[in-house]
Amino acid sequence: MTTVWIAQDETGKLAAQRAYAAALASRGIPATAELAKTVLGKPYLRDYPGVQFNLSHSGRYGVCALSDFPVGVDVELIRPLRREVARRFFTPAEAAWLDARPEAEFFRLWTRKESYIKAIGKGLTQRLDSFSVLEELIFQGSTAWYFHEHPVEGGYLTLCAQEPDAAWVELG
């Protein structure tokens, strides 16, 4: 099961650290577990190869996703933006979809894109306009990647995982 821990703190970075520590503790992994990075920069736990995780923070929110499979998570608070940003980073179909919706929906698609490229481990080496996130899942070869959205006040939180179900843990 993929689980996402959600925390709020003075800063999103502190909240992400709290969420990360809680996620590791749920598996009996010490918070001091050694981190390493793939060639493309995706972090992993060196001594726990079967445990996959991902972090994100924005504003006062911090999140950590933990799974037995590759996983990506992104949280973004809504802020002013220029619509031309969507045309630069999104597919033509996504940009047209956004034209018919409130500007804040940009962040819904953005968190989907970010969570997906983080899950597949390519980061920004994957062009954001090379795939669409308008559907509830993406197929990469024979692998299905599911989007799971969770409401946060003033923003969007999206998990991308290989599992059709996810659990959410909100830390006090």
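The values are calculated or read from the model by the stated rules, or taken from the named source; none is laboratory data. Since the structure is predicted, the reported quantities are computational estimates derived from the model, not experimental observations. When we count neighbours, we look across all protein chains shown, and the Cβ atoms used for this are built from the backbone with ideal geometry, even at glycine.
Yes or no, residue by residue, for (1) among the polar types (S, T, N, Q); (2) over 16 Å from the mean Cα position of the chain (by Cα); (3) in a helix (DSSP H, G or I); (4) surrounded by fewer than 16 Cβ atoms within 10 Å (Cβ to Cβ):
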residue: 107; (1), (2), (3), (4): no, no, yes, no
residue: 110; (1), (2), (3), (4): no, no, yes, no
residue: 115; (1), (2), (3), (4): yes, no, yes, no
residue: 158; (1), (2), (3), (4): yes, no, no, no
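Considering only residues that are under 19 Å from the mean Cα position of the chain (by Cα) and among the acidic types (Asp, Glu), which ones fall in the range 3-49?
9
In the range 1-33, which residue that is in a helix (DSSP H, G or I) and hydroxyl-bearing (Ser, Thr, Tyr) is nearest to residue 60 (Cα to Cα)?
20
Go through (1) surrounded by fewer than 13 Cβ atoms within 10 Å (Cβ to Cβ); (2) among the β-branched types (Val, Ile, Thr); (3) out of contact with any Gly (no Cβ under 8 Å at 6 or more places or on another chain) for residue 38 and report which single condition fails.
(3)
Evaluate the following for residue 62: is it in a strand (DSSP E or B) and among the small types (Gly, Ala, Ser)?
It is true that residue 62 is in a strand (DSSP E or B) and among the small types (Gly, Ala, Ser).
Select from the range 117-137 the residues that are over 20 Å from residue 63 (Cβ atoms) and either among the β-branched types (Val, Ile, Thr) or touching a Pro at 6+ places or on another chain (Cβ under 9 Å) (or both) and write down the one among them that is surrounded by the most Cβ atoms within 10 Å (Cβ to Cβ).
The qualifying residue surrounded by the most Cβ atoms within 10 Å (Cβ to Cβ) is 129.
Yes or no: the range 64-72 includes at least one residue that is at pLDDT 95 or above and within 15 Å of residue 110 (Cβ to Cβ).
Scanning the range 64-72 turns up at least one residue that is at pLDDT 95 or above and within 15 Å of residue 110 (Cβ to Cβ).
Assuming residue 36 fulfils every condition listed in (1) outside any helix (DSSP H, G or I); (2) of a type in the set (Gly, Ala, Ser); (3) under 16 Å from residue 134 (Cα atoms) apart from one, which condition is it?
Residue 36 satisfies every listed condition except (3).
Can you tell me which residue is surrounded by the most Cβ atoms within 10 Å (Cβ to Cβ) among those in the range 51-65 that are farther than 16 Å from residue 121 by Cβ and of a type outside the set (Phe, Trp, Tyr)?
Across the range 51-65, the extreme among qualifying residues is 63.
For the range 144-156, name all the residues that are surrounded by 12 or more Cβ atoms within 10 Å (Cβ to Cβ) and in a strand (DSSP E or B).
144, 145, 146, 147, 148, 149, 150, 152, 155, 156 - these are the residues of the range 144-156 that are surrounded by 12 or more Cβ atoms within 10 Å (Cβ to Cβ) and in a strand (DSSP E or B).
Being free of Cβ contacts under 8 Å to residues at least 60 places away in the same chain and closer than 11 Å to residue 157 by Cβ is the filter here, so list the residues in the range 58-97 that pass it.
Within the range 58-97, 62 is the sole residue that qualifies.
For residue 86, all conditions in the list (1) buried (at least 17 other Cβ atoms within 10 Å of the Cβ); (2) modelled with pLDDT under 95; (3) closer than 25 Å to residue 144 by Cβ hold save one; what is the number of the exception?
Residue 86 satisfies every listed condition except (3).
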